[in-house]
1. Can you name every residue in the stretch 51-68 that is touching a residue at least 24 places away in the same chain (Cβ under 8 Å) and either within 13 Å of the chain's Cα centre (by Cα) or part of a helix (DSSP H, G or I) (or both)?
2. Just give me the residues in the stretch 20-44 being surrounded by 10 or more Cβ atoms within 10 Å (Cβ to Cβ), at pLDDT 80 or above and not β-branched (Val, Ile, Thr), in sequence order.
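The values are calculated or read from the model by the stated rules, or taken from the named source; none is laboratory data. Values in this document were obtained by computation on a predicted structure and should not be read as measured data. All Cβ positions, glycine included, derive from the backbone under ideal geometry; neighbour counts span all protein chains shown.
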Amino acid sequence: MMCCAVLTCSTTASRKGIASLVLEKSEVLRAEGAGIGVQANGWRALEQLGVAGELRKTAGLITSYVPSLT
C-alpha cells in the first residue's frame with residue numbers, strides 16, 4: 001500500500017530536479033474502504049506541492065462526526 005509520505009517525497013524531489021522511482025508491490029490498485037483526513041496544516045503543505053486545487057475537486061468536507069455505538 002502506497003504511503004502519502006512516499007508520494008510527497010517523490011513529488012518534491014522531482015520538482016527539485018532529482019529523479020526518483022516509486023515502486024508498489026501490489027499488482028493492482030484497489031480501494032480498501034479507507035479515507036484520509038487532512039487538517040489545515042496538511043492542506044497548506046498540499047498547496048505548496050501544487051496539488052491542493054485538484055484534490056479539493058473530489059474531497060468531501062466533514063462537518064460533524066457521530067461515533068457509532070454498535
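1. So the first thing to find is which residues in the stretch 51-68 are touching a residue at least 24 places away in the same chain (Cβ under 8 Å), and the list is 51, 62.
The answer is Val51, and nothing else.
2. Matches in the stretch 20-44: Ser20, Gly42, Trp43, Arg44.
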